[in-house]
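Visitor: Structure provided below as structure tokens; questions to follow.
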Amino acid sequence: MPAQTRNERIRGRAGSELKTHKLVAVVGNPNAGKTTLFNSLTGSYQKVGNYPGVTVEKVSGTLRFAEETVEVIDVPGLYSLAPVSEDERVAVDVIEGVAKGTSKPDLLVCVMDADNLERNLYLYTQLAESGHPILVALTMVDRLKKNGKQIDLVRLSNLLGCEVVPVVGHKSRGLTDLKEAIERNLEMPKHPRFELGLPDAIETRIASLRERMARLGADFSNAEVREGLLEPSKNFQKFLSDFPELEEPFEEARAHLTERVSESPKADVGTRYQWAAMVQRAVLQETVAPKKRTITDRLDALLVHRVFGLIVFVGLMYLVFQSIYTFAQPVMNGIEAFFNLIGKTVSPHLAGVPILQSLVVDGLIGGVGGMLVFLPQILILFFFIAVLEGTGYLARAAFLMDRLLGWCGLNGRAFIPLLSSFACAIPGIMSARVMPDPKSRLATILVAPLMSCSARLPVYLLLIGAFIQPKFGAFWAGFTLFAMHFLGLIVAVPIVYILNRKILRGKRLPFLLELPPYQLPKWRDVWLAMYFRGKVFVKTAGTIIVFMSMLIWALSYFPRSNEAAQQYTASFVVSNPSATKDEIAKYVDEEQLAHSFLGSFGKTIEPIFRPAGFDWRITTAILSAFPARETVVPSLGIIFNLGNDVNEGSADLRKSLAQSKWPDGRPLFTGWTAIGLMVFFALCAQCMATLATVKRETNSWKWAAFMFTYMTVLAYLAAVGVHQLELLFAR
Amino acid sequence: MTFADLRKGMSGKVVRITGNSDDVMRLQEMGLTVGTQFKVVKIAPFGDPIEIDLRGYRLCLRKHETREYEVELVQS
């Protein structure tokens with residue numbers, strides 16, 4: 001889009017919108033310490049949302065001064081104003097003031113890593129041309145000092161044409177200075193202006209022209225020749241007319257210039273870096289001779305070593321995985337027990353109104369509990385990610401793993417999302433944020449739920465315990481459990497391959513990964529990351545989950561009437577005169593479910609699941625487990641006449657599954673049926689929380705629907721495949 | 001020669017960039033312009049990607065994504 005129309009749009013909007021706060025945008029390269037600085041400026045006064053229409057997260061906060069309150073926005077990190085990723089595109093839109101929901105920033109706080117000045121200055125050359133008032137916050141000055149270097153701040157400020165404030169973000173050193181500087185610069189903005197000259201190739205031409213003219217006895221400066229090319233003065237033209245042999249080279253240079261200027265009126269990359277190198281040379285002083293081997297070098301010798309590096313990596317990932325898988329369990333059990341207790345406490349008070357009782361206890365309390373149960377895993381994973389990212393290890397791990405994940409179209413950063421998904425796909429999908437390339441990120445999100453999460457475990461344990469272990473022994477039981485965990489991983493490889501070739505459009509970004517020096521984690525950043533990740537999950541995914549839980553509850557509850565219940569009771573008592581009150585209640589529950597919308601639906605689509613060897617009871621259990629696959633266990637409990645107080649270890653349920661029969665008397669479950677059902681649950685997308693998270697992370701239902709469809713089809717086909725094999729070989 | 005021909009510890013210089021793709025543009029914006037000197041710090045365990053030191057920072061690149069770069073050795 002041409003710059004002019006953009007500017008017109010901004011002006012048009014500024015007129016119609018009432019602007020209450022001044023807006024400060026914190027911009028800078030990734031790894032420059034931008035988020036740490038933003039966190040120390042705004043603390044927990046932050047808002048985390050989404051930019052409309054894109055998957056990029058919008059983080060903003062408020063900064064209070066004596067006189068006024070300003071809004072501070074944490075612009076996604078970027079390397080250049082010529083964006084290549086979605087993150088960068090949004091960042092550029094925010095800076096230019098055309099991003100939806102933000103106005104044009106009144107001040108850019110440009111965060112620059114003092115220890116990596118040259119590269120950081122490249123972005124500055126572009127920002128300085130954007131016409132915004134700029135204030136530079138120089139971070140990592142403490143590290144610079146440790147490395148025996150220092151920066152001449154006055155000189156830097158003069159060369160940049162704006163104020164430069166050194167800060168040590170996590171220690172809040174220089175923070176007061178920065179806040180004062182922000183207030184001052186909002187009051188009296190400084191627009192940096194500097195001359196970078198034209199692209200290199202043209203400057204060379206100018207120099208050679210000047211030399212030729214000098215040989216003919218005319219002494220002009222480079223600037224005069226440049227001007228002579230663009231807008232020749234009368235004096236200059238008069239001189240040229242005296243030397244016809246200069247006409248041709250001048251015309252040629254002019255043509256070249258117009259061509260280059262029309263395609264890019266600004267200086268090229270090389271010229272900008274020359275300027276950046278010049279500035280760095282001018283301001284950086286080495287007080288001590290640089291150390292041959294820095295701490296980072298020494299740590300890297302171990303951590304990215306071809307043998308020890310991989311051992312450390314596997315060890316660390318094992319720790320992360322175990323933490324999500326095992327350490328979260330007691331807390332999750334606690335949450336479950338807590339919500340059960342609430343349910344049990346509330347339940348008697350509503351006994352007079354059965355529909356309200358069921359709605360509140362099974363629908364509402366069950367739904368909220370079913371969502372909050374994921375929170376411990378999310379918090380634990382994001383604790384590790386924040387620490388690993390903050391220390392700089394995450395980049396090393398991606399470096400180590402890139403080759404392994406790269407060949408099928410992912411990249412080294414995908415290992416965290418995929419590994420965490422073995423515990424739970426929800427934090428796994430949320431952590432795909434560590435991948436800046438949108439295409440790889442989406443591919444990772446779409447296959448993450450194929451990894452066998454802990455919620456599948458109850459299903460595996462129930463079926464293995466009922467059908468594999470009794471017949472084949474502990475070894476094959478263990479093997480089946482392992483195979484089920486491996487299945488998703490194996491299936492994911494061709495899926496990623498197909499996604500990358502056929503489905504996901506757009507170009508993959510080159511895998512450019514900065515390996516920042518190691519540093520200690522900044523604990524405030526870690527806590528804030530956990531806090532906001534948890535909050536985002538509860539707020540956005542949570543509402544969808546609770547809503548859907550209520551919907552499934554309603555489908556399995558209605559239609560229901562007292563008359564029908566009395567009828568079921570009567571017919572049960574006739575055939576079982578000695579039935580206890582509990583047995584009657586269980587039978588009525590079963591009949592109610594069988595006649596509910598969900599049960600009728602299960603019966604209707606039973607023919608679809610027949611090729612997989614499933615009857616209407618298994619089908620209804622699968623349908624009712626749509627919100628969360630682990631709920632298939634209590635559902636089977638209700639359907640197979642045991643009430644809903646069963647778990648995967650309950651011997652009664654195993655027995656009654658093993659004894660259940662088709663109408664013609666064949667056993668319903670064989671070992672194959674059990675494997676088919678396990679394979680179905682290994683591959684299906686029966687987890688609303690995952691779908692809600694995908695919706696939130698990709699900002700569209702489209703991908704959530706796509707994921708549900710492809711995984712369900714895959715799961716169905718695999719289950720049918722297993723049953724057909726059975727028909728072929730086992731009978 | 002290209003980045004794929006370099007070994008750990010070698011120092012090099014960008015001689016020429018062929019092609020004008022977005023990837024090349026981004027690599028240049030990361031500081032890898034013609035004339036830039038760098039040192040190969042490390043090669044990942046499985047042979048790719050490689051880590052280089054340039055302009056005072058460390059960058060990791062995939063060999064096949066830098067095919068359009070021509071480099072030469074420099075005595076360090």
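None of the figures in this text is laboratory data; all of them are computed from the coordinates on show. Remember, predicted model here, so these are calculated numbers, not experimental data. Note that we place each Cβ from the backbone using ideal geometry, even for glycine, and neighbour counts take in every protein chain shown.
Visitor: Report the net charge of residues surrounding A:Lys179, where surrounding means a beta-carbon distance below 14 angstrom and charges are Lys +1, Arg +1, Asp -1, Glu -1.
Guide: Counting the neighbours of A:Lys179, the net charge comes to -3.
Visitor: Report relative contact order for chain A in percent, whole number only (criteria: Cα-Cα under 8 Å, sequence separation at least 6). Walk me through the intermediate numbers first.
Guide: Values: 1032 pairs, mean separation 74.2, N = 731.
It rounds to 10 percent for chain A.
Visitor: Here's something else I'd like to know. Direction-averaged shadow area of the convex hull around the Cα atoms of segment A:265-411, nm²?
Guide: Averaged projected area of segment A:265-411's Cα convex hull equals 18.5 nm².
Visitor: Mind scanning A:Lys291/A:Lys507; A:Lys104/A:Lys179; A:Lys100/A:Lys535 and naming the pairs with a C-alpha gap bigger than 31 Å?
Guide: Result: A:Lys291/A:Lys507 exceed 31 Å.
Visitor: Sticking with this one: Report the paramagnetic label zone for A:Ser561: residues of segment A:340-367 whose backbone N is under 11 Å from a point 7 Å from Cα along the Cα-to-Cβ axis.
Guide: Inside the label zone: nothing.
Visitor: Hey, another quick one. Between B:Asp5 and A:Ala337, what's the calculated FRET efficiency when r is the beta-carbon distance and R0 is 60 Å? Round to 0.05.
Guide: Efficiency, rounded to the nearest 0.05: 0.45.
Visitor: Let me ask something additional. Calculate how many DSSP beta bridges within the protein assembly as shown are antiparallel, expressed in % of all such bridges and rounded to the nearest 5.
Guide: If I count the DSSP bridges inside the protein assembly as shown, around 65 percent turn out antiparallel.
Visitor: Where the only charges are on Cβ atoms (+1 Lys, Arg; -1 Asp, Glu), what is the dipole of chain B about its Cα centre, to the nearest 20 debye?
Guide: Magnitude of the dipole: close to 300 debye.
Visitor: Follow-up question, since we're still on this one. Nearest 500 deg cm²/dmol is fine: what mean residue ellipticity at 222 nm does chain A get from its DSSP H runs of n ≥ 4 alone, each adding -39,500 (n - 2.57), divided by its residue count?
Guide: -18000 deg cm²/dmol
Visitor: Could you size up the charge dipole of the protein assembly as shown around its Cα centre, putting +1 on the beta carbon of Lys and Arg and -1 on that of Asp and Glu, and report it in debye to the nearest 20?
Guide: 1300 debye
Visitor: Could you work out how far helix A:581-595 tilts from the main Cα principal axis of chain A, as a 0 to 90 degree angle to the nearest 10?
Guide: Taking the Cα atoms of chain A, the angle to A:581-595 is about 60 degrees.
Visitor: OK, next. Can you give me the P(r) profile for chain A? Cα pairs, bins 20 angstrom wide beginning at 0, each as a whole percent.
Guide: Reading the bins upward from 0: 14, 38, 28, 14, 4, 1, 0.
Visitor: Still on this structure, I have one more. What's the angle, to the nearest 10 degrees (0 to 90), between helix A:562-575's Cα axis and the longest principal axis of chain A?
Guide: For A:562-575 against chain A, the angle is about 50 degrees.
Visitor: At what distance in nm do the modelled label points of A:Leu299 and A:Leu216 sit from each other, each positioned 7 Å from its Cα along Cα→Cβ?
Guide: Output for this residue pair reads 6.2 nm.
Visitor: Quick one: length gained pulling A:Gln150 to A:Leu717 fully straight, 0.36 nm per residue minus the C-alpha distance? Before the final figure, lay out the partial values.
Guide: Working: separation 567, 0.36 × 567 = 204.12 nm, distance 6.49 nm.
Going from the current span to full extension adds 197.6 nm.
Visitor: Okay, next question. Between A:Phe327 and A:Asp242, what's the calculated FRET efficiency when r is the beta-carbon distance and R0 is 60 Å? Round to 0.05.
Guide: 0.10
Visitor: Go ahead and run the numbers for FRET between A:Trp476 and A:Leu727, Cβ-Cβ distance against an R0 of 25 Å, rounding to 0.05.
Guide: Working: r = 22 Å, r/R0 = 0.87.
The computed FRET efficiency comes out at 0.70.
Visitor: If you don't mind, another one. May I ask which of A:Lys34/B:Lys39; A:Lys58/A:Lys522; A:Lys581/A:Lys661 have a Cα-Cα span longer than 23 Å here?
Guide: A:Lys34/B:Lys39; A:Lys581/A:Lys661
Visitor: Expressed in nm to one decimal, what extension gain is obtained for the pair A:Thr543 and A:Glu227 from 0.36 nm per residue of sequence separation less their Cα-Cα distance? Let's see the in-between values first.
Guide: Details: separation 316, 0.36 × 316 = 113.76 nm, distance 6.41 nm.
This chain segment gains 107.3 nm when fully extended.
Visitor: Students often get this wrong: which residues of segment A:667-686 have the backbone nitrogen under 20 Å from the point 7 angstrom along Cα-to-C-beta of A:Arg610?
Guide: A:667-670, A:673-674, A:676-677
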